[in-house]
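Novice: Handing you this structure, nothing more for now.
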Amino acid sequence: MSKRTKIIDVLKSTEYGKEVCVKGWVRTHRSSKAVDFIALNDGSTIKNVQVVVDPTKFEEQLLKDITTGSCICAVGTLVESQGAGQACEIQATSLELYGTCDNTYPMQKKGQSFEVMRKNAHMRLRTNTFGAVMRIRHNMAMAIHTYFHEHGFFYFHTPLITASDCEGAGNMFQVTTKNLYDLKKDENGKIIYDDDFFGEQTSLTVSGQLEGELGATALGAIYTFGPTFRAENSNTPRHLAEFWMVEPEVAFLDQEELMDLEEDFIKYCVRWALDNCKDDLQFLNQMIDKTLIERLEGVLKEAFVRLPYTEGINILQEAIKNGKKFEFPCNWGDDLASEHERYLVEEHFKKPVIMTDYPTAIKSFYMKQNEPAPTGATLGCTVGYKGTLAPGRTMQGTDVLFPQIGEIIGGSVREESYDKLMSEIERRQMDKTHLWWYIDTRRWGTCPHAGFGLGFERLILFVTGMQNIRDVIPFPRTPKSAEF
């Protein structure tokens, strides 16, 4: 028997008359007395190869058993296609059935809703749509690694199990070997962790940033790329309990340089998709979002808008005065909702926006505060604010907002001053017990540095045009759902 050739390579071949061997899963099987047509796919490409079968040369039962979803091996002669839509096809000389597929197979040719496919996540990967999404996901991972490697970053592995909460939110999954039916507690009812595996309370990480900062202060420029976890009881199309994060950290980087990095990086990823995923993007453009390719190309054409938070609030409030309705409030001091971010990107500027200089109170403790405003600046204004910002009221954030998505990158310059960092930790009444090692970086050889976090699945959402984040990861983890 001939050595197997992947279908992506068969479809590129012009060696007509050569014997080829292909193996894969049947997309469709059309039968007639004169000829059978089997559309075969092996996952290497969105495109199928057509296997042409003379039914008089094969057992009738074998052909009946080759149904949608079944797995076969086909050997035959590569010939120029007689029909439209493909350059070549295979005239079968041998067929072998590896795995049958009866009519209970959940991914039949008829259209299935995404909800039905999520319930059959173990089978949905075989569909055209999810095959395309997963190939693009792979390519985006390759783009990320290639970009950082070419720009002198080092891939830095941060722990999944941690005793600290990077964001200060407290919504973390605990990791323990304790017997949950017999928990040891102190006189105040608090759980004692002395007998736990690590000897203290530990959780799954929400971010590798804090450890990433340690790497940046030693290697200059690093990036992390791995799974992170948030125990938020949220069932929105933008949230997962387990997702992947890309987090570069760079020493000696200021706010302008950070925004340059964010824009250059994400444009590189979009360009990579357009250059390397043409067939899959064309399929998704036709089947999922007919403006997808146009939107991707649009990201590359223009510079991102760089918009201070205060100016963004003023634009939103002006829109409200002119009749725009928002579900959530957007006064100065509010954390913007996705609807606000998308209005700025999709309706007002019609291009990606990097929003900067957020109020300190709505961002994390480690972000660098802007220089104090002039003496006499107004303090504590949170409604319709247009005046000079008060001392310490804003910090050097750099969040990238994208059409269809809202925030896709969250970044900032990090506070390098020991005194200022400690002041913010104390102001927020944070427990310093598990942050001593992080604080040490500001005691010994501190340096200016900055970084950002990219939610990998949000990037895949944008690049594929899919509408639900559960459909861009193979096996989504969400509230009340941890199957497969």
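Novice: Given LYS33, LYS109, which one is at pLDDT below 95, in a loop (DSSP other than H, G, I, E, B) and closer than 30 Å to LYS480 by Cα?
Specialist: Exactly one of LYS33, LYS109 is at pLDDT below 95, in a loop (DSSP other than H, G, I, E, B) and closer than 30 Å to LYS480 by Cα, namely LYS109.
Novice: While we're on this one: Within the range 335-371, can you find the residues that are crowded, with 16+ Cβ neighbours inside 10 Å and of a type in the set (Lys, Arg)?
Specialist: Matches in the range 335-371: ARG342, LYS351, LYS363, LYS368.
Novice: Please determine whether any residue of the range 7-28 is within 30 Å of ASN285 (Cβ to Cβ), part of a strand (DSSP E or B) and free of Cβ contacts under 8 Å to residues at least 60 places away in the same chain.
Specialist: Looking through the range 7-28, at least one residue is within 30 Å of ASN285 (Cβ to Cβ), part of a strand (DSSP E or B) and free of Cβ contacts under 8 Å to residues at least 60 places away in the same chain.
Novice: Could you check how many residues of the range 134-155 are out of contact with any Asp or Glu (no Cβ under 7 Å at 6 or more places or on another chain), open to solvent by less than 60 Å² (accessible area, probe 1.4 Å) and not charged (D, E, K, R)?
Specialist: Here the count works out to 12.
Novice: When the residues of the range 209-235 are filtered to those that are among the small types (Gly, Ala, Ser) and either part of a helix (DSSP H, G or I) or at pLDDT 95 or above (or both), which remaining residue is farthest from ARG470 (Cα to Cα)?
Specialist: Once the filter is applied, the top-ranked residue is ALA218.
Novice: Tell me which residues, restricted to the range 325-351, are closer than 18 Å to GLU302 by Cα and not in a helix (DSSP H, G or I).
Specialist: Scanning the range 325-351 gives PHE349, LYS350, LYS351.
Novice: Could I ask something else about it? Going through the range 199-208 one residue at a time, which ones are open to solvent by less than 30 Å² (accessible area, probe 1.4 Å) and assigned to a loop (DSSP other than H, G, I, E, B)?
Specialist: Listed by number, the residues that qualify are THR205, VAL206, SER207, GLY208.
Quick grid of which residues meet (1) touching a His at 6+ places or on another chain (Cβ under 9 Å); (2) under 21 Å from GLU257 (Cβ atoms); (3) surrounded by fewer than 21 Cβ atoms within 10 Å (Cβ to Cβ); (4) hydrophobic (A, V, I, L, M, F, W, C):
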residue: SER412; (1), (2), (3), (4): no, yes, no, no
residue: SER417; (1), (2), (3), (4): no, yes, yes, no
residue: SER423; (1), (2), (3), (4): no, no, yes, no
residue: ILE439; (1), (2), (3), (4): no, no, yes, yes
residue: ALA450; (1), (2), (3), (4): no, yes, no, yes
residue: GLU457; (1), (2), (3), (4): no, no, no, no
residue: ASN468; (1), (2), (3), (4): no, no, yes, no
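Novice: Only one of ILE161, ILE222, ILE192 is more than 18 Å from the chain's Cα centre (by Cα), among the β-branched types (Val, Ile, Thr) and open to solvent by 60 Å² or more (accessible area, probe 1.4 Å). Can you tell me which?
Specialist: Of ILE161, ILE222, ILE192, the one residue that is more than 18 Å from the chain's Cα centre (by Cα), among the β-branched types (Val, Ile, Thr) and open to solvent by 60 Å² or more (accessible area, probe 1.4 Å) is ILE161.
Novice: Taking the range 31-79 only, how many residues are in contact with a strand residue (DSSP E or B) (Cβ under 8 Å, 6 or more places away or on another chain), over 19 Å from CYS21 (Cβ atoms) and among the acidic types (Asp, Glu)?
Specialist: Result for the range 31-79: 1.
Novice: Given the range 389-471, what strands (runs of 3 or more DSSP E) lie entirely inside it while holding 2 or more residues that are touching a Gly at 6+ places or on another chain (Cβ under 6 Å) and of a type outside the set (S, T, N, Q)?
Specialist: Here the list reads 449-455.
Novice: It is to be established whether one or more residues within the range 119-131 are modelled with pLDDT of 95 or more and open to solvent by 80 Å² or more (accessible area, probe 1.4 Å).
Specialist: So far as the range 119-131 goes, no, none of its residues is modelled with pLDDT of 95 or more and open to solvent by 80 Å² or more (accessible area, probe 1.4 Å).
Novice: Restricting the range 47-100 to residues that are of a type in the set (Ser, Thr, Tyr) and free of Cβ contacts under 8 Å to residues at least 60 places away in the same chain, which is least open to solvent (accessible area, probe 1.4 Å)?
Specialist: Per the criteria, the residue is SER70.
Novice: For residues that are in contact (Cβ under 8 Å) with a residue 12 or more places away in the chain and either crowded, with 21+ Cβ neighbours inside 10 Å or not hydrophobic (A, V, I, L, M, F, W, C) (or both), tally how many sit in the range 425-434.
Specialist: Number satisfying all stated conditions: 2.
The values are calculated or read from the model by the stated rules, or taken from the named source; none is laboratory data. It should be emphasised that the depicted structure is a prediction, and the values quoted were computed from it without experimental measurement. Glycine also receives a Cβ, built like all others from the backbone with ideal geometry; neighbour counts cover every protein chain displayed. Just the protein is used for accessible areas: all its heavy atoms, side chains included, with ligands, DNA and RNA removed. Shrake-Rupley method; radii C 1.70, N 1.55, O 1.52, S 1.80 Å.
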